[in-house]
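**Q** Okay, handing you the structure first.
Read-outs: derived from the displayed coordinates by stated rules, not from any lab. The model shown is predicted, which means the values in this text are computed figures rather than measured ones. Don't worry about glycine lacking a Cβ; one is built from the backbone with ideal geometry, like all the others, and counts go over all protein chains shown.
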There are 2 protein chains.
Amino acid sequence: MNFADRVIDVIENKGPLVVGLDPHPEHLPPSLLQRTRGNGDDPLDAFAQAVFAFNRAILDCLRDVVGAVKVQMAFYEMLGPGGMKLLQRTLLEALHLGYLVILDGKRNDISSTAKAYASAYLSYPVLPGNQVVPPQWPCDALTVNPYLGEDGLLPFIEEAHRNEKGLFVLCRTSNPSAPFIQDMGEGETVYQRVATLVDRLGQNLIGRRGFSAIGVVVGATYPRELELLRKKFPYMLFLVPGIGAQEGDMEKLGPAFARKGGGTLVNVSRGIIFAYREGKDLQGENFTGAALERARFYQKRLRQTSQGTLQ
Amino acid sequence: MNFADRVIDVIENKGPLVVGLDPHPEHLPPSLLQRTRGNGDDPLDAFAQAVFAFNRAILDCLRDVVGAVKVQMAFYEMLGPGGMKLLQRTLLEALHLGYLVILDGKRNDISSTAKAYASAYLSYPVLPGNQVVPPQWPCDALTVNPYLGEDGLLPFIEEAHRNEKGLFVLCRTSNPSAPFIQDMGEGETVYQRVATLVDRLGQNLIGRRGFSAIGVVVGATYPRELELLRKKFPYMLFLVPGIGAQEGDMEKLGPAFARKGGGTLVNVSRGIIFAYREGKDLQGENFTGAALERARFYQKRLRQTSQGTLQ
């Protein structure tokens, strides 16, 4: 099934919310760290086990409310090879529980190397003698960076096409410095050119619901650009970060949603998975309860916004 | 010792050549694959062991001729968690043999996530309770992508500063589509703006030889842009890919070198490590001999070019 159709299904069945599994080491619940301590001499390995316990608990508690997760690779890479094993286990667990899984790696390189990244994240390794082994980083979609232009994106698009995966190309990012490069250009800006390229490259990956499997990342912190892009590309998948810790304004998201709410996924990471830190439960004894409550809140508000019924 | 000073030392002692350890699975010597076959049931693990044997042989045979290596992460990531363990072993081996090691990951993200990447690749993990563990991906420098602007680069620069590491920021890449985004802008283009930003951000990381530890990636396939950038930034480190398989023209590289050859590293990957494929040794029985011969050729030519004595 086309990735874009799977996204529309998730939005219709659960809502637009994507929960970011970004396990910042300093925010993990102290109670959980204490429970998982002492499982061996290697502190990195013990911590990776704590993170997996955290991820599994979050994935398990949100499964009725949330349909998609975004896994930020940086927080796994920072834990070394053991962290990468943890990443693999987290992806398998999320897929096993039925989530749509977006791997947030923002990969990019010249064509011959982009091929290697595309096979890593959207396919499986092909070894000499055509030995085929299972996908190593199983997921539904990957984020990529467009700085190298079309030939750096094509290998990702080919693998997405072949394996019914999706891509989200960075277009207008959510951070304060985003305009520095992304707004350059006269008449057409960099981010507009990226969206136009994505639109063209995605034409062969359009699903039954009219959306292409190749979407863009556009930050909630730039509602004007979000609205302009949505008007120009009504059938493009949007992945929208910047709500929650980044303080993007949920009320201004309305115009980002296309066709009765379809086509836009909104990511919240720290604001949900570390919600226990906002209350009195400083040890995080009930971090899953806090996460579930915040996920319900965001999902409900995002459904209202997407349906244009926000008060 | 400042990273830029280490680079200048390498160039003076050995020459500008950087060898890229990009183990494309389909190009590994058949003879080596046969020797390492049968080490267990897991074909991926067996292949990772073959790649490590290949890397170690290449690193060992080039140590008298070459001072720096660039390790392309994509080819390790594509092999899954076992590939990441192989990456760690390769980095440790290269550093142990005295190479300057550039990790080519082209990482990028918003500030809070860029911090995680910076700690992963330019520092070491800091766990809750301030448990400090060894660096997981030891290297001297990392490549990063500038699409997100200044605030996405700052965490990398802070860690580089703290730990005497280096950065190479993608500026004008070597691929055919590079101009699509990188040439946008009126008066000032995207790639020029990136170089100007890198120049400013690197001011606090200038070593004894006048160069900053924050450099740029500029492709040999664009000699005109390379020359313009070198004229404008005589004290900026350049990492120049695009020679060899990418067919950049070595003769036109002259103007890229600053101050009697200092400050510019030139990368060759496939053209050296898989040099056996260009001769009659189809099984790669003597792949190290072929690599060494090509490395000597490139190093000599690059030294001549950098010293302006090329015929």
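**Q** Please tell me the relative contact order of chain A in percent, rounded to the nearest whole number, where contacts are Cα pairs under 8 Å and at least six residues apart. Numbers along the way, then the final one.
**A** On the way: 592 pairs, mean separation 67.8, N = 311.
The value is 22 percent.
**Q** Another question, then. Between residue A:278 and residue B:249, how high is the FRET efficiency from 1/(1 + (r/R0)^6) when r is the Cβ-Cβ distance and R₀ = 60 Å? Nearest 0.05. It would help to have the intermediate numbers written out before the result.
**A** Details: r = 59 Å, r/R0 = 0.98.
Given R0 = 60 Å and the Cβ-Cβ separation, E is 0.55.
**Q** Taking a ≥ b ≥ c as the square roots of the eigenvalues of the Cα gyration tensor of region A:8-136, is the shape rounded (a/c under 1.5), prolate (a/b larger than b/c) or oblate?
**A** Here region A:8-136 falls in the oblate category.
**Q** So if R0 is 35 Å, what FRET efficiency would residue B:34 and residue A:1 give, r being the distance between their Cβ atoms, rounded to the nearest 0.05?
**A** Numbers: r = 42 Å, r/R0 = 1.19.
Given R0 = 35 Å and the Cβ-Cβ separation, E is 0.25.
**Q** Show me, for region B:5-14, the HN-Hα J-couplings you get by feeding each phi into the Karplus relation (A = 6.51, B = -1.76, C = 1.60, θ = phi - 60°), rounded to Hz, glycine and proline as x.
**A** Once θ is set to phi - 60°, the couplings for region B:5-14 become 5, 5, 4, 4, 4, 4, 5, 5, 7, 10 Hz.
**Q** Take the alpha carbon gyration tensor of region A:113-211, find the square roots of its eigenvalues, order them as a ≥ b ≥ c, and report rounded if a/c is under 1.5; if not, report prolate when a/b exceeds b/c, else oblate. Intermediate results must be reported in sequence, preceding the final value.
**A** Details: a/c = 2.42, a/b = 1.85, b/c = 1.31.
Prolate, since a/c reaches 1.5 and a/b exceeds b/c.
**Q** Out of residues 5 or more away from residue B:21 or on other chains, whose amide H comes under 5 Å of its own, with H placed 1.01 Å from N in the peptide plane?
**A** The answer is B:70, B:71, B:72.
**Q** Considering just Cα atoms, how many Å³ per residue does the convex hull of region B:21-80 enclose?
**A** Numbers: hull volume 4.7 nm³, N = 60.
Dividing the Cα hull volume of region B:21-80 by its residue count gives 78 Å³.
**Q** How many nm is it between the label spots at residue A:133 and residue A:53, if each spot is 7 Å from the Cα in line with the beta carbon?
**A** Roughly 3.0 nm, to one decimal.
**Q** Reachable lysines from residue A:85, Cα under 29 Å, same-chain residues fewer than 8 places away excluded?
**A** Answer for residue A:85, where 29 Å is the Cα cut-off: A:70, A:106, A:115, A:165, B:70, B:85, B:106, B:115, B:165, listed by chain and number.
**Q** Right, next: Considering chain A as a Gaussian network with a 10 Å cut-off on Cα pairs, which listed residue, A:46, A:118, A:290, attains the greatest mean-square fluctuation?
**A** In this elastic network of chain A, the residue with the biggest mean-square fluctuation among A:46, A:118, A:290 is A:46.
**Q** Report the residue, chosen from B:104, B:41, B:140, that carries the largest GNM mean-square fluctuation when chain B is represented by alpha-carbon nodes joined by springs under 10 Å.
**A** B:41
**Q** In addition: Quick query: amide H of residue A:279 versus all other amide H atoms, modeled in the peptide plane; which residues come in under 5 Å with a sequence gap of 5 or more or a different chain?
**A** Excluding prolines and chain starts, which carry no amide H, there are no hits.
**Q** Apply the Debye scattering formula to chain B, with a single equal point scatterer on each alpha-carbon and no solvent, then give log10 I(q)/I(0) at q = 0.09, 0.11 Å⁻¹.
**A** Listed by q, the Debye log ratios stand at -0.44, -0.66.
**Q** If I take R0 = 35 Å and measure r between the Cβ atoms of residue A:231 and residue A:158 in this structure, what FRET efficiency does the formula 1/(1 + (r/R0)^6) give, to the nearest 0.05? Intermediate results must be reported in sequence, preceding the final value.
**A** Working: r = 30 Å, r/R0 = 0.85.
Between residue A:231 and residue A:158 the formula returns 0.75.
**Q** Residues in region A:169-212, backbone N under 18 Å from the label point at residue B:188 (7 Å along the Cα-to-beta-carbon vector): list them, ranges by number please.
**A** A:176-187, A:189-191
**Q** Still on this structure, please answer the following. Can you work out ³J(HN,Hα) from phi for every residue in region A:66-73, in order, using Karplus 6.51 cos²θ - 1.76 cosθ + 1.60 and θ = phi - 60°, giving whole Hz and x for Gly and Pro?
**A** 10, x, 9, 10, 10, 9, 8, 4
**Q** Averaged over A:148-155, how many beta carbons belonging to a partner chain fall within 10 Å of each residue's beta carbon? Spell out each step's value before the answer.
**A** Numbers: counts 13, 10, 5, 6, 8, 2, 1, 0.
Taking all residues of A:148-155 together, the mean is 6.
**Q** Could I ask something else about it? Across peptide A:20-33, how many C-beta atoms of other chains are within 10 Å of each residue C-beta, on average? Show your work: numbers first, answer last.
**A** Numbers: counts 1, 0, 3, 1, 4, 8, 4, 1, 2, 0, 2, 0, 0, 3.
Per residue, the number of nearby Cβ atoms from other chains is 2 on average.
**Q** If you plug each phi of region A:182-192 into the Karplus form 6.51 cos²θ - 1.76 cosθ + 1.60 with θ = phi - 60°, what whole-Hz ³J(HN,Hα) values come out, in order, with x for Gly and Pro?
**A** 5, 9, 5, x, 9, x, 9, 8, 4, 5, 5
**Q** Put a point 7 Å out from Cα along the line to Cβ at residue A:204; what are the distances to that point in the other copies, in nm, shortest first?
**A** 4.8
**Q** Can you give the Kirkwood hydrodynamic radius of the protein assembly as shown from its Cα pairs, in Å with one decimal?
**A** That comes to 24.8 Å for the protein assembly as shown.
**Q** Please compute the length gained on full extension between residue B:12 and residue B:27, using 0.36 nm multiplied by the number of residues separating them and subtracting their Cα-Cα distance. Don't skip to the answer; put the middle values down first.
**A** Numbers: separation 15, 0.36 × 15 = 5.40 nm, distance 3.19 nm.
This chain segment gains 2.2 nm when fully extended.
**Q** Next up: Between residue B:42 and the same site in the other copies, what are the distances in nm, shortest first, taking label points 7 Å from Cα along the C-beta direction?
**A** Taking the point 7 Å beyond Cα along Cα→Cβ, the inter-copy spacings are 1.2 nm.
**Q** If each label sits 7 angstrom from Cα along the C-beta direction, how far apart, in nm, is residue A:255 from its counterparts in the other copies?
**A** Counterpart label points of residue A:255 in the remaining copies fall at 4.5 nm.
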